[in-house]
1. Tell me which trypsin sites (Lys or Arg not before Pro) from the range 50-132 have a DSSP coil assignment and no more than 15 other beta carbons within 10 Å of their own.
2. At q = 0.20 Å⁻¹, what log₁₀ I(q)/I(0) does a Debye calculation on the Cα points of the range 1-49 give, no solvent, two decimals?
3. Each label point is 7 Å from the Cα along the Cα-to-Cβ direction; what then is the distance between the points at residue 223 and residue 242, in nm?
4. Taking just the alpha carbons, could you work out the radius of gyration and Dmax for the range 89-154, both in angstroms?
5. Modelling each spin label as a point 7 Å along the Cα-to-Cβ direction, I'd like the residue 230/residue 194 distance in nm, to one decimal.
6. Of the listed pairs 110/131; 111/155; 7/187; 47/111; 7/33, which have alpha-carbon separations greater than 25 Å here?
7. What does the charge dipole of the chain about its Cα centre add up to, to the nearest 20 debye, if the Cβ of each Lys and Arg holds +1 and the Cβ of each Asp and Glu holds -1?
8. For helix 168-185, report the angle its Cα long axis makes with the longest principal axis of the Cα atoms of the chain; keep it between 0 and 90° and round to the nearest 10°.
Amino acid sequence: MSYIEIKGLSKTFGERGAGGVLALSDINCSIEKGSFVSVVGPSGCGKSTLMRIVAGLLDYSEGSVTMDGQPIRGTRRDVGVVFQSSILLPWRTILENVMLPAEVLGLDMKKARARAMDLLHMVRLDGFEHKLPRQLSGGMQQRASIARALLHDPKILLMDEPFGALDAMTREQMNLELQRIWSESGKTVILITHSIPEAIFLGDVVFVMTPRPGSLERVIRVDLPRPRGMDAMGLPSFAAVAHEIRELFNHTGSFD
């Protein structure tokens, strides 16, 4: 059995019928443990809604969502979330920001501090633990937010456009960093992105969604060796996957 199973998932905002908005419709997919899944689709297709449902932050209207055989209903301690904005508290140091989940969840603070330092090392922020967020670049702040999301050792890491606000060169570097962090942490990662190249570069599979109401148009496996360097984007196999995704968007009359 797959690690995450989504069957017949639909989500309606508001009252069903004429007054409601159908955001997601009959989504069926499975996600393997330790895999990296990228999700792309037109703006407003429900990508973020899907992520919030998997995170337990949003209820669904129909169908089922299970992780390790258990239904996902309500917030969970075994999920880490990274949003487009790093959402670091400006008055707290980087170390204090990373340790915030330990305070919220009531974890052992001594152990949490040791894990936080290990995570800061993993995301290459050694020496910046006592800096304030404003003293770090945007990419460094996002690395700190990834460390914070991993502090309580979640089973899955959900990322909603985490690099959307970064410049192109920093975004490429963060893609390399995220690939390394995922490889070292062994987590199951679901990444929401508007970037087709980013989705292919990072993903084991790419979920392509339709315009609203969002459903799963196609699941595309990315057969590129890891670790991947930026030169992988020049490979014919990479171009073939990008072409397939763009053709799907062109067919539906929408494109990010």
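Read-outs: derived from the displayed coordinates by stated rules, not from any lab. Please read these numbers as outputs of a predicted model, since none were measured by experiment. Ideal geometry is used to build each Cβ from the backbone, glycine not excepted, and the neighbour counts take in all protein chains shown.
1. Values: sites: 52, 73, 76, 77, 92, 110, 111, 113, 115, 124, 131; in loops: 73, 76, 77, 92, 124, 131.
Listed in order of number, the matching sites are 73, 77, 92, 124, 131.
2. So the normalised log intensities work out to -0.80.
3. Label at residue 223, label at residue 242, 2.0 nm between them.
4. 10.6, 30
5. Between residue 230 and residue 194, the simple spin-label model gives 2.1 nm.
6. On the way: 110/131 20 Å; 111/155 18 Å; 7/187 22 Å; 47/111 35 Å; 7/33 17 Å.
Pairs exceeding the cut-off: 47/111.
7. Numbers: 29 positive and 29 negative charges, 116 e Å.
It works out to roughly 560 debye.
8. Tilt of helix 168-185: around 80 degrees.
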